[in-house]
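**Q** Okay, handing you the structure first.
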Amino acid sequence: MTELPDLVTGALAAGTLSALALGAGLLRSRRQRALQRAEIADLRDRLAGVQTALVAEVEHLAVQRIPAVARQLTHPRVAVPGPAQPQFIGSPLGIALENVLTTLRSELTAQRTRVDAAAQAGMRGATREIQAALYRLQDALRALQQRYDDPELTQTLFMLDHENEQSLRRAQVTAVVCGAWVGLAREDSHLVEAVTGGQARLVGYHRVRVNNHLEAGTALVSHAVEPVAIIVAELLDNALRHSAPDTEVVVNLEHVHHGVCVTVDDAGVGMTPDEREHARRTVAGTDPVLLTDLGDPPRMGFAAIGRLTRQFDLGVDVSSPSPYGGVRAVLRIDSHLLSRIDPERQPPAAGAPRSTRPAPAPTRAPAPAPAHSYGAEHDERAAADVPGHQALPDAGGLPRRRRRAAVATANARNARPAQDTRAAPARPEWRPEQAAAALGALQSGTAAARAASDGAGTVVDEESAGPRPAVRDLDQKNHGNDYKGGAAR
């Protein structure tokens, strides 16, 4: 009987201990659940913050970064902002967003290039038709210039030809920018003629002063003549547009170590460092040319120069200031694009500035021993009788051909009695301008005589009492010729 309470006490003690252990476990589980609920709430708060930051970052990408990337394609100085949240820099999310911008940039560049190529193709087709029409108009104007001799009409035709030349230059430059060929193939020509040809295509051509310091006969190979004329015309046009109308643009043609340089100096407003750097890259031809990059209205002069310098291995530099306060542009033509033309057989145009270099003194070869040949003694005696004539030495024992005029003059002099043995005074050589004036007078007189003959039906003799046809004013005729040589071509 005494053992039962001990068992009950033990059972109660064991139950108490179990209850205490169970209560401790319950308290522990409650605490863990409370901690878990706190952690879950913290995670939810952090997730909500990350979601808010991600939404803000995506909005920043759409509103700020993507438009900046699109503007940077046309304006390289536009800065693309970084991520809005600093914690995303270098993170997987930040790297993914940068990949999005890179892909977008490449896709926009490809699409711009495709659209611009389509626009350039359309422009090439349009300018080709315009150039063909302008060339036909140019041929018609020149036919009218040759048909009519009226000074006022000729002056008007020259002015129309000059206006047509300016329109043709703009169409040609547009075609070159769009990737077309220059449109003309010429023979080897004097370099000074290519420069004056580019000058003649401008409105203010009279403000350009060309100083020719080249050796006489310095010429361009055939495929470089028209590109050089286009480049010079665009450099002069830029100089004339950005300088005062009462100032001159000075052009110097000089020899350098590797070829020839054409230097254009203006007294204009100059360029800022940013404009100078942009112009330097454009004329170098290294960057692709897009029509959307040329502004509104498009400025195609430097872009055309860049195309031509890359195609024909020319060099243009516009990064130096002019000593007159404006811009100095230098066109460098290497030796492989130069050739030589005999200035005696094929002189430059009458309107081209003459070289300031003195002509080299002719060297005379020593005369070899005379060799006997049939008729040589008679020719030498006949040539010796002509005043001021020196017999030409034989070359290699063979007789050299002499002028027939000299021999005929000597024979005629021997045939008639010698009345005056004094030598005739040397006749001065005619300049090209005088020869052009004489030729114009001859043409004018011939046309007037034909008109008088067609009107009267008979030729009027000098001694007849009828009226003589009036001679046209040679000053007006020569003025027209000068305009054609200096402006139209």
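**Q** Search segment 278-305 for residues being in a helix (DSSP H, G or I) and without any contact (Cβ under 8 Å) to a residue 12 or more places away in the chain, and hand back the single one that is nearest to Gly325 (Cα to Cα).
**A** Taking the candidates together, the pick is His278.
**Q** Also: Would it be correct to say that Ile66 is assigned to a helix (DSSP H, G or I), modelled with pLDDT of 85 or more and in contact with a helix residue (DSSP H, G or I) (Cβ under 8 Å, 6 or more places away or on another chain)?
**A** It is true that Ile66 is assigned to a helix (DSSP H, G or I), modelled with pLDDT of 85 or more and in contact with a helix residue (DSSP H, G or I) (Cβ under 8 Å, 6 or more places away or on another chain).
**Q** Sticking with this one: Could you say which residue among Leu4, Leu73 is at pLDDT below 85, open to solvent by 60 Å² or more (accessible area, probe 1.4 Å) and of a type outside the set (Lys, Arg)?
**A** Unique residue meeting the criteria: Leu4.
**Q** While we're on this one: When both residues are 6+ apart or on different chains and their Cβ atoms are under 9 Å apart, which pairs have a first residue that lies in segment 52-66 and is of a type in the set (Val, Ile, Thr), and a second that is part of a helix (DSSP H, G or I)?
**A** Close Cβ pairs (under 9 Å, with a partner that is part of a helix (DSSP H, G or I)) amount to Val58/Leu97; Ile66/Val100; Ile66/Leu101; Ile66/Leu104.
**Q** Going by what's in this entry, would Glu57 be described as in contact with a helix residue (DSSP H, G or I) (Cβ under 7 Å, 6 or more places away or on another chain), of a type in the set (Asp, Glu), surrounded by 13 or more Cβ atoms within 10 Å (Cβ to Cβ) and modelled with pLDDT of 85 or more?
**A** yes
**Q** Has segment 86-105 got any residue that is within 30 Å of Gly179 (Cα to Cα) and open to solvent by less than 70 Å² (accessible area, probe 1.4 Å)?
**A** yes
**Q** A further question on this structure: Counting only residues that are over 12 Å from Leu134 (Cβ atoms) and open to solvent by 30 Å² or more (accessible area, probe 1.4 Å), how many does segment 161-182 have?
**A** 2
**Q** For segment 199-237, what are the residues that are touching an Asp or Glu at 6+ places or on another chain (Cβ under 8 Å), within 23 Å of Arg299 (Cβ to Cβ), of a type outside the set (A, V, I, L, M, F, W, C) and not in a loop (DSSP other than H, G, I, E, B)?
**A** Residue satisfying the conditions is Arg207 alone.
The values are calculated or read from the model by the stated rules, or taken from the named source; none is laboratory data. The structure presented is a predicted model; accordingly, all values stated were derived computationally and were not measured. Glycine also receives a Cβ, built like all others from the backbone with ideal geometry; neighbour counts cover every protein chain displayed. For accessibility, only protein heavy atoms count, side chains too; no ligands or nucleic acids. Shrake-Rupley method; radii C 1.70, N 1.55, O 1.52, S 1.80 Å.
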